[in-house]
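The values are calculated or read from the model by the stated rules, or taken from the named source; none is laboratory data. Note that the structure is predicted; figures quoted are calculated from it, not measured. A quick note on method: Cβ atoms are made from the backbone with ideal geometry, for glycine too, and the neighbour counts reach across all protein chains shown.
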Amino acid sequence: MRGLYVPQFTAFTSDFAVDFKATKDHGAWLIENGVSGLVPFGTFGEGASLSLAEKQRVTLDLLEIKKNAALIPTLICNSLGEILEYLKFAEDLPIDGVMVIPPSYFKPVTDTMLADFYKRICAATKHRVIAYNIPATSLKISAELASSIPVWGVKDSSGDITSAENYLSKNVKVLVGSDSLLAQAIKKGANGGICGIGNFFPRQMVQVYQLSTDGAFDQAEELIARIMNAVAPVLKPEFGFVEAIGSLKSLAAKVIPTGLGDMRTPVPTHRPTDSEINEALTRISYL
């Protein structure tokens, strides 16, 4: 499991229903542009806002268009029961793994209990399981914990390169979730990335991955810096995940060929100003 994967957006209609056709079309466009695989229902895909039935329908839709790319659905659930229901549904489907975030509603949760949680999930499926570390919205998965459970590895969205280093020092495989850290993480031994900005620039992010795996780290860092600079006008430094993704989804209407709609209520869709949008579009034109 190596490469540049995209936690693809979920499209919604004006009345906040899942737009299944647009979601499928966006996934097909990403695959046509060379990404290694799709990771639906993650943070960018608003997986916490989707029902089990919606996830099942989108999974089947994406299997129709994935071709040789990987499909790794994400499960953002507080219910072990819901996770097990999805795993039963997907057991005989040709997906390439599942990514599972730690439940985070009831706290505190000890590492012992979290280890038991992941062991139960791994025992319930033949598919590879990726643990999803995103401390800003869920429980932190320590390197010691990750090395003690039978998961394939970790998606690290901590935003801290030392976190990836800690996993790698414990022989835990890593797919980095912070776009700007992709080249650094690969240099340190990560398998690749699950990068949200790939929703906009799949070819360029694949190039960052390829440059990094070829050892051309300076070129890779220069390209990722240009990509992040292109979207900087719509991303304010104080933004958290919600504001950043909402603002990027507003920009998506100008960049991505498929209409994706707004964030699903009650999550707000941040609206950049016309000048911010135009500045971003100008910078994007030079990529």
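Any residue in the range 5-20 that is in contact with a helix residue (DSSP H, G or I) (Cβ under 7 Å, 6 or more places away or on another chain) and among the charged types (D, E, K, R)?
Step one: of the range 5-20, the residues in contact with a helix residue (DSSP H, G or I) (Cβ under 7 Å, 6 or more places away or on another chain) are 6-11, 18, 20.
Those left that are additionally among the charged types (D, E, K, R): none.
No, the conditions are met nowhere in the range 5-20.
Within the option set K88, K119, K126, being over 24 Å from F200 (Cα atoms), charged (D, E, K, R) and either assigned to a loop (DSSP other than H, G, I, E, B) or touching a strand residue (DSSP E or B) at 6+ places or on another chain (Cβ under 9 Å) (or both) holds for one residue only, K126.
Would you please name the residue that is nearest to H270 (Cα to Cα), looking only at residues in the range 211-224 that are free of Cβ contacts under 8 Å to residues at least 12 places away in the same chain and either in a helix (DSSP H, G or I) or among the β-branched types (V, I, T) (or both)? Outline the logic, then answer.
Going through the range 211-224, the residues free of Cβ contacts under 8 Å to residues at least 12 places away in the same chain turn out to be 214-216, 218-219, 222.
Going one step further and asking which of them are either in a helix (DSSP H, G or I) or among the β-branched types (V, I, T) (or both), we end up with 218-219, 222.
Details: D218: 33, Q219: 32, E222: 28 Å.
Among those that are free of Cβ contacts under 8 Å to residues at least 12 places away in the same chain and either in a helix (DSSP H, G or I) or among the β-branched types (V, I, T) (or both), it is E222.
Does the range 12-27 include one or more residues that are in contact with a Gly (Cβ under 7 Å, 6 or more places away or on another chain), crowded, with 17+ Cβ neighbours inside 10 Å and either assigned to a helix (DSSP H, G or I) or not acidic (D, E) (or both)? Yes - at least one qualifying residue is present in the range 12-27.
For the range 49-85, the candidate set comprises residues that are in a loop (DSSP other than H, G, I, E, B) and polar (S, T, N, Q); within that set, the residue that is surrounded by the fewest Cβ atoms within 10 Å (Cβ to Cβ) is N68.
Yes/no matrix, rows are residues, columns are (1) surrounded by 13 or more Cβ atoms within 10 Å (Cβ to Cβ); (2) polar (S, T, N, Q); (3) out of contact with any Phe, Trp or Tyr (no Cβ under 9 Å at 6 or more places or on another chain); (4) at pLDDT below 95:
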site	(1), (2), (3), (4)
Q219	yes, yes, yes, no
P233	yes, no, yes, no
G240	no, no, yes, yes
R264	yes, no, no, no
P268	no, no, yes, yes
I277	yes, no, yes, no
A280	yes, no, yes, no
R283	yes, no, yes, no
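Pairing residues of the range 22-35 that are within 17 Å of I72 (Cα to Cα) and polar (S, T, N, Q) with residues that are in a helix (DSSP H, G or I) and at pLDDT below 95, at Cβ distances under 8 Å and at least 6 apart in sequence or on separate chains, gives no pairs at all.
Table: residues versus (1) in a loop (DSSP other than H, G, I, E, B); (2) at pLDDT 95 or above; (3) under 12 Å from the mean Cα position of the chain (by Cα).
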site: Y5; (1), (2), (3): no, yes, yes
site: F9; (1), (2), (3): yes, yes, yes
site: G34; (1), (2), (3): yes, yes, no
site: G42; (1), (2), (3): yes, yes, yes
